[in-house]
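The values are calculated or read from the model by the stated rules, or taken from the named source; none is laboratory data. None of the values given here were measured: they were computed from a predicted structure. For neighbour counting, all protein chains shown are included, and Cβ atoms are generated from backbone atoms with ideal geometry for every residue, glycine included.
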Amino acid sequence: MSAHRLILIDHPHLIFNALTFGTAVLATSSATLIPAVLHLSTLLVYSPLLVNRPDAAQQAALWLNLSLAKFIILLAPAIHALSSPVSSLALLFLGGSITSAITLATLYIHTKLRSRVPSPWSQIMLFPVLWAAVWWGVSSVSPIGRLTSWAPVIDTMGYNWMLKLTGPVMDDWIAAAWAVVVSETAGAWLMSSKSLEEEEPLLGHRVTSSEDEEATAASSMPSWRCVVCLTTLLAALTIPSFIVSDVALPVYSSDTTPFSVGCILPKRRDRQLRFEDYLQETKKLDGKAQVLLWPEGAVTFRDESERVAALAKVQESIRGSHVGVSFEESVRDPSDITGRSLLRRNGMAVVSNQSSSPHLEYYKRHLVPVAESFSLVHSTTPATIYTMDMKNPSDVKRPDWAPPPFTRPVPLTASICLDFAIPGTLAALESRPALILAPARTWEPTVGLAMWEQAKRRAAELDSTVLWCDGGDGGVSGVSGRGITEVTQVGEGSWVRSIGVEYPFNDKRTVYGVMGNSGASLFIGIMFMGGFAMFIPSPDLGNLRVDWVKERFGRFGKMLTGRKETVTQNLVDL
């Protein structure tokens, strides 16, 4: 018995469901590109069977299969997300079910539309376009942003250089494009078996002769040249990663400003930490770092006056550092005319002894559904930038340090925990920050790592550096950006790290910072519409004819799609 017959004739649903579950587990538990590609490839090969020969039971089984894979992987971190484990697990399964339904709906639309696309090149580009567009839309409307996605973070490895140009949309496009390459190759192998000659194929018409088989294959599969061209394009897009240096900037150099950052994480000693604990820990590291950050919700204030008094106390206690104080506070509800109703909000303020008022204030804009959304109020004010003026070190003369006024600018901004899961959360910034302060508090190491990955991606999109300080149990903390990617510490214990900030600092925003998702949309649109070039008519514009444009597009189309072959639809969509 051949493998082809076993897969396509004897036990197709059993085998594909097993492969789907296994690859879904790998793709959900890993942030790397290869498991994601394998998972999508399996779904692409399997989906024509479910669409062209609909079976409600098998479709429901696949949906349940995908939902359970996500549920099992996220079971441990989700069970303590809410006060009630039952509520936590119910919300987890509901979220996984919705994500799985969106995935299957996208595959259904792709399978139905593909055979109606006239261009072979656009046929194979259809799935990457749909996949990227769907998950961009989902992450834009979801209260937890990219965490709703089928794969919240995909380390695209050799394509990471594209983040500051196109943003996270290209992550999904690249994974889907590679999945098309793999699925077309796997499908060609599956349909090449001579042992299926006497059987009714699983996905199409009865094959009665080798000539019919060849004709059917020629009329059903996209040109192999399209697949080769797509593979070549994907390989070519990795070339800049071998050219552009991704080494961290040196701390001490004529082209960098030495800059130290720290995270204040006092040891708990089996008790709830108080304001005094954070203040004493800050005093120990005062002057050892230019910026010291407290984790999200480190202290709680009963009202605004208590917050003002506490910040003033921090200002009086420090001499050489800027301190990011993270807190929760109660404020009066502006909609309550009696003034008795109070609201709670989560924020942070950057203070120093150089000013009696905070240099920078930021309040959390996106709240965790249920866990925070019922008890806190979100902010609608976007992040802003505060520029620190770095004075010369004691061993460097002022004229050698910088021109008058003899200081070096280091722009800072801030965002809090879940805000980093929302693509474009820092898009309103008018310039590029050198450092993003990121206080966080997660409840489980897996969640902490997931949010750390989100913060890394947002920093890479802005070509900036993020200081991530997680005060949760087993939380990960560290610095990421400009060549630095590793976690500095897991769990409690304060730390300081030195980094290099480019000098002179270029505050021009990245392409993604300026254009948002428009750059990715333009690239994806050109890739998809390129296959339609041969169908463009030749208009006559007076004495200027554009026949030569059509002729050249036609030549390019023939080279790209192999017009000498009869090509109309999916490799396995017979």
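Scanning segment 486-511 for residues that are closer than 23 Å to residue 254 by Cα and among the β-branched types (Val, Ile, Thr) yields 496, 499, 501. Evaluated against (1) free of Cβ contacts under 8 Å to residues at least 24 places away in the same chain; (2) of a type in the set (Gly, Ala, Ser); (3) surrounded by 18 or more Cβ atoms within 10 Å (Cβ to Cβ), residue 83 falls short on exactly one condition, (3).
On the stretch given as segment 477-492, residues that are without any contact (Cβ under 8 Å) to a residue 60 or more places away in the chain and closer than 19 Å to residue 414 by Cβ total 3. Picking from residues in segment 316-375 that are touching a Gly at 6+ places or on another chain (Cβ under 7 Å) and of a type in the set (Lys, Arg), the one that is modelled with the highest pLDDT is 364. Remark: pairs (first residue in segment 261-280, buried (at least 20 other Cβ atoms within 10 Å of the Cβ); second residue in a helix (DSSP H, G or I) and among the acidic types (Asp, Glu); Cβ separation under 6 Å; 6+ apart in sequence or on different chains) = 264/281; 266/277; 266/281. Quick one: would you say residue 565 is in a loop (DSSP other than H, G, I, E, B), of a type in the set (Asp, Glu) and modelled with pLDDT under 90? Yes. For segment 429-445, check the following and say yes or no: at least one residue is at pLDDT below 95 and part of a helix (DSSP H, G or I). Yes: one or more hits. Residues in segment 229-249 include at least one that is modelled with pLDDT under 95, over 29 Å from residue 127 (Cβ atoms), under 34 Å from the mean Cα position of the chain (by Cα) and small (Gly, Ala, Ser). Would you pick out the residues in segment 22-37 that are closer than 25 Å to residue 114 by Cα and surrounded by fewer than 19 Cβ atoms within 10 Å (Cβ to Cβ)? 34 - this is the single residue of segment 22-37 that is closer than 25 Å to residue 114 by Cα and surrounded by fewer than 19 Cβ atoms within 10 Å (Cβ to Cβ).
Filtered by the rule that a residue be modelled with pLDDT of 90 or more, buried (at least 21 other Cβ atoms within 10 Å of the Cβ) and over 26 Å from residue 97 (Cβ atoms), segment 148-172 gives 159, 162, 163, 166, 167, 170.
Exactly one residue out of 129, 180 is surrounded by fewer than 23 Cβ atoms within 10 Å (Cβ to Cβ) and at pLDDT 90 or above, and it is 129. When you go through 265, 292 one by one, which is the residue that is under 28 Å from residue 500 (Cβ atoms), assigned to a loop (DSSP other than H, G, I, E, B) and aliphatic (A, V, I, L, M)? Within the list 265, 292, the selection yields 265.
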